[in-house]
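Taking it in order: structure first as structure tokens, then the write-up.
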Amino acid sequence: MKLIILGGPGAGKGTQASQLCQFLSIPHISTGTILREAIAAHSDLGKQVQAYVAQGEFVPDKIMIELIRQRLQQPDSQQGWLLDGYPLTAFQAEELDFLLDSLEQRIDWAIWLEVPNAVLVERSLERSRSDDQPDVVHRRLELIQERTVPILDYYGYRKRLLKIDGNQSMEQVQQAIRQALGQGSTEA
């Protein structure tokens, strides 16, 4: 299964993605992790993206799509994957579809975790990561409203969008995702 998980900062994407990937035995491809690793490695790519990440801005599309291309070509991605943190705009979704066409792949579902903005801010500030400062979190929420929400129309039009209420317990969210994917309950 080839999936994308979408939602604002603090929506629970990483937690839900990790649990779902373990359940489905597919790799969790987190662009946040990829970018942090590139920055930590002081690679050329890491140096290019560091300023964007520090300001809460989106990394340029050309850089992101190349990172995604490299990751999806790795052997563990051949039977399925879950992409977390990309695409963030309708343009990126289209670019991802072009990339997947070239790799002879297709997204099965885009999962949108719906969480109110006030809850997103509270959750993000509780994480206490270095890039979760109040001004950066608020800027990310502005960008989500401006650029990411149109992605729902993109996947909705293609009948590949699952909207999940992300403002419930982690277990309830996971169960809702699995049921929406036709993977049954989390109960034994």
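In table form, for the structure just shown:
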quantity: Residues that are under 17 Å from the mean Cα position of the chain (by Cα), modelled with pLDDT of 90 or more, surrounded by fewer than 18 Cβ atoms within 10 Å (Cβ to Cβ) and not aliphatic (A, V, I, L, M), drawn from segment 98-139; calculated: ARG106, ASP108, GLU114
quantity: Count of segment 168-188 residues which are surrounded by 15 or more Cβ atoms within 10 Å (Cβ to Cβ) and at pLDDT below 95; calculated: 1
quantity: Condition check for PRO60: under 26 Å from LEU141 (Cβ atoms), free of Cβ contacts under 8 Å to residues at least 24 places away in the same chain and not hydroxyl-bearing (Ser, Thr, Tyr); calculated: yes
quantity: Subset of segment 84-140 (residues that are of a type in the set (Phe, Trp, Tyr) and closer than 17 Å to TYR157 by Cβ); calculated: PHE91, PHE98, TRP109, TRP112
quantity: Residue that is in contact with a Ser or Thr (Cβ under 9 Å, 6 or more places away or on another chain) and not in a helix (DSSP H, G or I), where the choices are ILE26, ILE4; calculated: ILE26
quantity: Selection within segment 29-46 - under 18 Å from PHE58 (Cβ atoms) and outside any helix (DSSP H, G or I); calculated: ILE29, SER30
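The values are calculated or read from the model by the stated rules, or taken from the named source; none is laboratory data. Because the structure is a prediction, the values reported are computed rather than measured. Note: ideal-geometry Cβ built from the backbone for every residue, glycine included; neighbour counts use all protein chains shown.
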